[in-house]
1. In the list L163, L182, which residue meets the criterion of being farther than 27 Å from D338 by Cβ and under 16 Å from the mean Cα position of the chain (by Cα)?
2. Name the residue, out of Y315, Y328, that is among the aromatic types (F, W, Y), touching a Pro at 6+ places or on another chain (Cβ under 6 Å) and open to solvent by 20 Å² or more (accessible area, probe 1.4 Å).
3. Among residues belonging to the range 219-240 that are farther than 15 Å from V186 by Cβ and over 27 Å from the mean Cα position of the chain (by Cα), point out the one that is most open to solvent (accessible area, probe 1.4 Å).
4. Does N7 satisfy being modelled with pLDDT of 95 or more and touching a helix residue (DSSP H, G or I) at 6+ places or on another chain (Cβ under 9 Å)?
5. Go over the candidates R18, R49 one by one and state the one that is farther than 18 Å from F332 by Cα, open to solvent by 70 Å² or more (accessible area, probe 1.4 Å) and touching a Phe, Trp or Tyr at 6+ places or on another chain (Cβ under 8 Å).
6. Which members of the range 21-71 meet the condition of being farther than 16 Å from A337 by Cβ, of a type outside the set (A, V, I, L, M, F, W, C) and part of a helix (DSSP H, G or I)?
Amino acid sequence: MSKPQLNIGIVGYGFMGRTHSNAFRKVSNFFDVPYVPVLKAVCGRNRARAEAFQQTWGYESVETDWRSLVERKDIDVIDIASPNDTHAEVAIAAAQAGKAILCEKPLGRNGAESKAIVEAAEKASVPNMVWYNYRRVPAVTLAKELVNEGRLGRVFHYRAKFLQDWTISKDVPQGGEGLWRLDVHVAGSGVTGDLLAHCIDTAMWLNGSIDSVAAVTETFIKERKHNLTGKVEKVGIDDASAFLARFANGSLGNFEATRYARGHKALYTLEINGENASIIWDLHDLHRLQYFDHRDEGRLRGWRSIHITDSDHPYMKHWWVPGLQIGYEHTFVHQAADFLCGLANATVPGPSFRDGLATDYVTDAVLAAAKNNNWEKVNSAR
C-alpha cells in the first residue's frame, strides 16, 4: 500500500534551508514515516539563487514571492527557514491558508510577534512546530528520559553556555544576506534570541518553566557598516548575554552566550545537578552523555561517559550499528520524522509554537532585566 504524499514548500535557501531540505530528503530512508515528503517548491527573493537551490536539493518548482507559495493548493506544509523578520507575516498567512507550519527558531523577534503567530495557528487549528533541533540529539533526549524517570531527584542547578567568536572583528559589517543576525531590525536581538534561545528551550524542556531572570548584556562594537545602506550605523543587537534564572521547581539557572569567545565556533554545553545525580552534555561531543549517580557503590562511584550509539538509545536503532555515531544534521531528520508521525496521529510533538512563545517570553525578560538592572518576571505562555 503506497503512502500519501505531503508536499513541502520552503521559504528560504540559506543555511537553515539546507538543513531542513536534507532532513526531508533523508527521513523516509531511515524512518518508517506515514507520509512521503515531496520537495514541491522553494521560495526565495533571488530567482537565480532559488533555482540553484532547486537543482541542488531536488525541488520541483521555484517561487519568488512567499504569498504565491502560501496560496498554492498543492502545498501542504509551509517550512519557514528565512530570516527572523519574515517569520510572523509568513506564519500567520500560512495558518490562515490552513497549512501545517514548521518555523525556524526563534519563532518571532519578540514575544508580541510570537503571540500573534500562536493565536493565528491555534485559531486555524493547524499543526505547528519550531525547529529547536537540539532536543533531538539522542544524548539530550536520553537526558530527558533520565529526568522524567526521577533519577536525578530534586534538581538544584541548571547551567548552560553557547559560545562563538565570529563577530569579534570591528570590520565585520551588519545586515544583508549572511549577516542579518547582526541587524537588530531583522534579528530582533543578538545572542539572546539566537544562541540563548536554544539553551532556554532545552532548559525548559528538561527542567520546567522559568519564573524570573536577572541579566546583563553588552554590545562590544557600537557601530558597524551596514551592507544595505553602505553607511556606518549603530549596532542594536547584544554581542554577549548572561543571566540568572529561577525555575518554577525551585532550582537555579545560570546561562551565558557570546560571539566574543575567541577559539569557540559553537560550544554549547549544559549541566543539571540533582540531589541524586548529575548530567553533562557538550555539543562538540554530542554523541556522549556524562552521568554521575551518587547512589552507586562508593568504591566505583564516578562520572560515566555513555556513548549514545546503541539501539536502545533514543533514535539510534534507525541508523547504524552500535559504536558508529551520528551528527548535527541527523537532529533535523529526527524532528522531521517526529513531525510526520505526529501529523498522522493528530498529536504533533513539541516544540509547538506555544513552546516557542514561552522561550521568547524568557528572552524578552532577559533583555528587559539587562536594561532595567533588576529581576524580571517571565510572562506565562500557557
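1. Just a single option satisfies the conditions, and that option is L163.
2. Exactly one of Y315, Y328 is among the aromatic types (F, W, Y), touching a Pro at 6+ places or on another chain (Cβ under 6 Å) and open to solvent by 20 Å² or more (accessible area, probe 1.4 Å), namely Y315.
3. The extreme case among them is K231.
4. Here the answer is no, as N7 does not meet what is asked.
5. Answer to the check: R49.
6. Residues satisfying the conditions are R47, R49, E51, Q54, Q55, T56, R67, S68, E71.
One line per residue, one yes/no per condition, for (1) in contact with a Gly (Cβ under 9 Å, 6 or more places away or on another chain); (2) buried (at least 19 other Cβ atoms within 10 Å of the Cβ); (3) at pLDDT below 95:
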residue: W180; (1), (2), (3): no, yes, no
residue: G190; (1), (2), (3): yes, yes, no
residue: N207; (1), (2), (3): yes, yes, no
residue: G250; (1), (2), (3): no, no, no
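The values are calculated or read from the model by the stated rules, or taken from the named source; none is laboratory data. Predicted model only: the values in this text are computed from it and were never measured. With ideal geometry, Cβ positions are generated from the backbone for all residues, glycine too; neighbour counts draw on all protein chains shown. The accessibility values were calculated without ligands, DNA or RNA, using every heavy atom of the protein model including side chains. Shrake-Rupley method; radii C 1.70, N 1.55, O 1.52, S 1.80 Å.
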